[in-house]
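Asks: The structure under discussion is supplied below as structure tokens; questions concerning it will follow.
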Amino acid sequence: VGQENINTDIVTLSRFLTEEQTKYPDASGDFTLLCHALQFSFKSIAYYIRRASLINLTGLAGSSNITGDDQKKLDVIGNDIFISAMRGSGKCRILVSEEEEELIKFDEYPDARYAVVCDPIDGSSNLDAGVSVGTIFGIFQLPEELMGAGKEVGPEALLHPGTSLVASGFTMYGASAQLVITMRGGGVNGFTLENSLGEFILTHPNMRLPESRAIYSVNEGNSMYWDEWCNQYFHSLKFPEDGKPYSARYIGSMVADAYRTLLYGGIFAYPADSKSPKGKLRILYECAPMAMVFENAGGLAVNSRMERLMDVVPEHIHDKSGVFLGSKNEVQKVIDMYNKHKK
Ligand code: P6P
């Protein structure tokens with residue numbers, strides 16, 4: 001029987017991180033160890049989500065998170081897993097989680113140099129429906145003056161724009177767990193969790209967004225609240241003067257909508273509107289990490305005033321923003337419509 005051409009030169013996430021570290025000869029290895037803790041939290045959350053229906057974890061946990069929506073048990077577990085993994089890494093000084101009103105400080109590691117922001121289970125309101133949810137994360141490096149015993153580190157240490165992120169990404173818990181990660185100035189790489197090995201395997205090296213794609217992703221149920229220019233923009237996609245109308249795809253789970261947009265192209269939007277004047281999605285742990293992924297994959301990401309999302313500075317750790325992100329030419333169409341109406 002002919003030897004099927006089995007690829008034995010597998011790039012795991014661990015190997016990828018080791019190879020990345022060799023690009024920084026004076027690296028301490030702390031970032032790599034932090035990323036190992038991150039990948040452990042993704043594997044653990046993936047495990048619980050796969051088992052959720054079996055051990056009835058999708059019921060309400062009785063408590064609600066700071067945004068007031070009912071908290072599913074998996075939210076609580078995902079949050080606890082993530083906090084433990086970051087604490088256990090010994091490389092994380094402070095952590096912001098969508099599920100925690102206050103900043104979490106790991107004072108037992110005063111010399112830890114990284115700050116992590118995360119939405120442990122984004123899209124969880126869809127959990128019972130079997131919709132893919134995900135974990136979104138961002139990593140900042142703390143300035144030297146904030147490191148060391150006795151140094152007080154507060155939320156202001158994280159009120160920086162996305163351009164300060166050293167890495168970001170997300171894990172989507174679908175049929176298999178898909179991890180997408182990008183580092184400052186680098187490309188975007190996708191990994192698939194091989195459950196039998198318990199390893200994330202590099203399956204989507206150097207992901208690049210198509211420059212154009214006739215797919216739009218937005219909750220049109222909010223159209224009544226949109227600005228005039230915004231309604232005009234989406235109308236122009238549905239009733240184009242030339243060519244075919246766009247396809248509409250909206251899952252209502254940012255990680256799932258973002259992953260599809262990254263793979264196929266198109267545009268994902270959650271505009272600020274009269275109902276949510278600052279938008280719904282959070283700058284620190286939804287908008288900025290996603291903006292970094294999309295820019296590094298050749299796309300664009302802007303807020304509802306057409307400002308580069310990576311330049312937006314949050315006013316507080318749960319601050320929100322409107323967001324339009326996706327293929328370069330698709331986001332440019334939004335900017336053109338906005339500017340046409342501004343005149
Ligand atoms: P809407 C999920 O609750 C979430 O935070 C994002 O994952 C998702 O993109 C958005 O909200 C969906 O919001 O208002 O369309 O249900």
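The values are calculated or read from the model by the stated rules, or taken from the named source; none is laboratory data. Here the structure is a predicted model, which is why all the values come from computation and not from measurement. Quick reminder, even Gly has a Cβ in these numbers, built from the backbone with ideal geometry, and neighbours come from all protein chains shown. Note: areas computed on protein heavy atoms with side chains; ligands, DNA, RNA excluded. Shrake-Rupley method; radii C 1.70, N 1.55, O 1.52, S 1.80 Å.
Asks: Among the listed residues Arg208, Arg184, Arg249, Arg260, which satisfies the condition of being within 16 Å of the ligand (Cβ to nearest atom), open to solvent by 70 Å² or more (accessible area, probe 1.4 Å) and within 22 Å of the chain's Cα centre (by Cα)? Give the derivation first.
Replies: Numbers: Arg208 fails: within 16 Å of the ligand (Cβ to nearest atom); Arg184 fails: within 16 Å of the ligand (Cβ to nearest atom); Arg260 fails: open to solvent by 70 Å² or more (accessible area, probe 1.4 Å).
None of the other options fit; the residue is Arg249.
Asks: Consider Tyr233 against the criteria (1) touching a Ser or Thr at 6+ places or on another chain (Cβ under 9 Å); (2) touching a residue at least 60 places away in the same chain (Cβ under 8 Å): it satisfies all of them except one. Which criterion is unmet?
Replies: (1)
Asks: Output the residues belonging to segment 118-132 that are part of a strand (DSSP E or B) and either of a type in the set (S, T, N, Q) or near the ligand (Cβ under 8 Å from one of its atoms) (or both).
Replies: Taking segment 118-132 as the starting set, the residues that turn out to be part of a strand (DSSP E or B) are 118-122.
Asp119, Asp122, listed by residue number.
Asks: Please determine, by comparing only the residues of segment 317-343 that are among the β-branched types (Val, Ile, Thr) and assigned to a helix (DSSP H, G or I), which one is surrounded by the fewest Cβ atoms within 10 Å (Cβ to Cβ).
Replies: From segment 317-343, those among the β-branched types (Val, Ile, Thr) are 317, 323, 331, 334-335; that's our starting set.
Add one more test, that the residue is assigned to a helix (DSSP H, G or I), and what stays is 331, 334-335.
Numbers: Val331: 22, Val334: 24, Ile335: 14.
In this case the residue turns out to be Ile335.
Asks: Against the conditions (1) free of Cβ contacts under 8 Å to residues at least 60 places away in the same chain; (2) buried (at least 19 other Cβ atoms within 10 Å of the Cβ); (3) within 16 Å of the ligand (Cβ to nearest atom), where does Pro277 fall short? Just the number, please.
Replies: So the condition that Pro277 fails would be (2).
Asks: Scan segment 290-297 and tell me whether some residue there is over 26 Å from Gln232 (Cα atoms) and outside any helix (DSSP H, G or I).
Replies: Here is the first cut: in segment 290-297, the ones over 26 Å from Gln232 (Cα atoms) are 292-293, 296-297.
Within this subset, residues satisfying the condition of being outside any helix (DSSP H, G or I) are 297.
Yes, that holds for at least one residue.
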